[in-house]
1. Do we find a residue being surrounded by 14 or more Cβ atoms within 10 Å (Cβ to Cβ), closer than 30 Å to Ile286 by Cβ and more than 10 Å from the ligand (Cβ to nearest atom) anywhere in the stretch 49-66?
2. Take the residues in the stretch 119-151 that are within 24 Å of Pro246 (Cα to Cα) and of a type in the set (Asp, Glu), then tell me which one is nearest to the ligand (Cβ to nearest atom).
3. I need the full set of residues from the stretch 18-43 which are more than 10 Å from the ligand (Cβ to nearest atom) and without any contact (Cβ under 8 Å) to a residue 24 or more places away in the chain, in order please.
4. Name the residues in the stretch 260-279 that are among the polar types (S, T, N, Q) and in contact (Cβ under 8 Å) with a residue 24 or more places away in the chain, would you?
5. Looking at Lys142, is it on the phi > 0 side of the Ramachandran plot, basic (Lys, Arg) and assigned to a loop (DSSP other than H, G, I, E, B)?
6. What is the one condition in (1) at pLDDT below 95; (2) in a helix (DSSP H, G or I); (3) in contact with a strand residue (DSSP E or B) (Cβ under 9 Å, 6 or more places away or on another chain) that Gly30 does not satisfy?
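The values are calculated or read from the model by the stated rules, or taken from the named source; none is laboratory data. Predicted, not measured: the structure shown is a model, and the values here were computed from it. Glycine gets a Cβ as well: all are built from the backbone with ideal geometry, and neighbour counts include every protein chain shown.
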Amino acid sequence: RLKLPQYNTIDDVIEQLHKAKNIVVLVGAGISTSLGILDFRSDNGFYSRLAQHGLSEPSEMFDIHTFREEPGIFYTFAKELLPETQHYSPSHAFIRLLEQKNKLSTLFTQNIDNLERETGLTDEKVIQCHGSFATATCIQCKHKVEGSLLYDDIRNQKISYCTECNQRPVKKRKLTSSSDRAFSDSNEDVKEEEEEADTAQAGVMKPDITFFGEALPDQFFEKVGSGDLEKTDLLICIGTSLKVAPVSELISLVPASTPQLYISRTPVRHTQFDVNFISPFCDWVIVELCKRAGWLEDLEKLCNE
Ligand code: OAD
């Protein structure tokens, strides 16, 4: 009779951590909440904040059609998701530790805060499934810039416009009638209107975050098509509600016999894992796992770098 191996204790997990050579890690917003960045679907998460501000469908903020029509919605709220810090959590450090131990196959992250990179993880190991704030592109002329050039606008809740847009507008001089200008003693009114026309027609910059209605980055599909997932010998999901496809479907792409571990604050009901570590802080679980694996010193070293 065929029998799948059983992995259901912490000792099984530690044993597999030692044995594994192709670990796939899939993370979500929960690995960054200890750094003060909101997750999306918790009771006090980002989407509930948006709902409090009257947005009837909070995920609209990340809808590409809404963005094209009303970019101000995104720019009003995006600062809440922009990291104020370059620090990373023990959970981020753990992923780098797996790489240092030659165990990490791929990190799939749904996070847009780009903090995984701060740990020193090799770029090729990281798939930013939903893009990130690291770069931005003009929706009109496709000019690409460092994302940090938008940060002031994002923090000041101002729409960021392209400075390179090749579709320079014809200056629309809206002539005001003499009566309109009766109280104006200079050309200031006209000048202001010209400048407004200028910026209003330059393209809007969009951080290279994958919005609903947009395709995921090519690297995601290349990795999925590469066959690497079939070699996965341990799958670790941390801090994600697994509610957003196609990332949530990755789990079904690793072999059924591969041990699957879930670490989060809230259990998932729609997917089965071999082992679930449900804890208010995934960092606590990570520290405990490292302690039991004999890796605590290595983790601490990375956290203090
Ligand atoms: P969610 O907010 O849907 O899920 C975060 C999960 O992490 C929840 O299960 C929380 O309970 C858990 N959590 C929060 N803080 C935790 C902590 N300190 N320790 C352990 N668990 C914790 O976020 P994601 O699954 O990442 O899209 O959401 C996926 C996508 O939905 C995001 O990438 C975003 C959103 O629409 C874009 O940004 C384009």
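1. Yes, there is a match, as at least one residue in the stretch 49-66 is surrounded by 14 or more Cβ atoms within 10 Å (Cβ to Cβ), closer than 30 Å to Ile286 by Cβ and more than 10 Å from the ligand (Cβ to nearest atom).
2. Asp123
3. First pass over the stretch 18-43, keeping only residues more than 10 Å from the ligand (Cβ to nearest atom): 18-25, 36.
Listed by number, the list is empty, since nothing qualifies.
4. Here is the first cut: in the stretch 260-279, the ones among the polar types (S, T, N, Q) are 260, 264, 266, 271-272, 276, 279.
The answer is Gln260, Ser264, Thr266, Thr271.
5. Numbers: on the phi > 0 side of the Ramachandran plot: yes; basic (Lys, Arg): yes; assigned to a loop (DSSP other than H, G, I, E, B): yes.
So Lys142 fits the description; yes.
6. It is condition (1) that Gly30 fails.
Rundown of residues vs (1) buried (at least 21 other Cβ atoms within 10 Å of the Cβ); (2) at pLDDT 95 or above; (3) not in a helix (DSSP H, G or I), yes/no style:
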site: Leu216; (1), (2), (3): no, yes, yes
site: Ser248; (1), (2), (3): no, yes, no
site: Ile263; (1), (2), (3): yes, yes, yes
site: Arg269; (1), (2), (3): no, no, yes
site: Val287; (1), (2), (3): no, yes, no
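One line per residue, one yes/no per condition, for (1) charged (D, E, K, R); (2) more than 20 Å from Trp295 (Cβ to Cβ):
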| residue | (1), (2) |
| --- | --- |
| Leu82 | no, yes |
| Leu97 | no, no |
| Lys101 | yes, no |
| Leu107 | no, no |
| Asn114 | no, yes |
| Arg117 | yes, yes |
| Gly147 | no, yes |
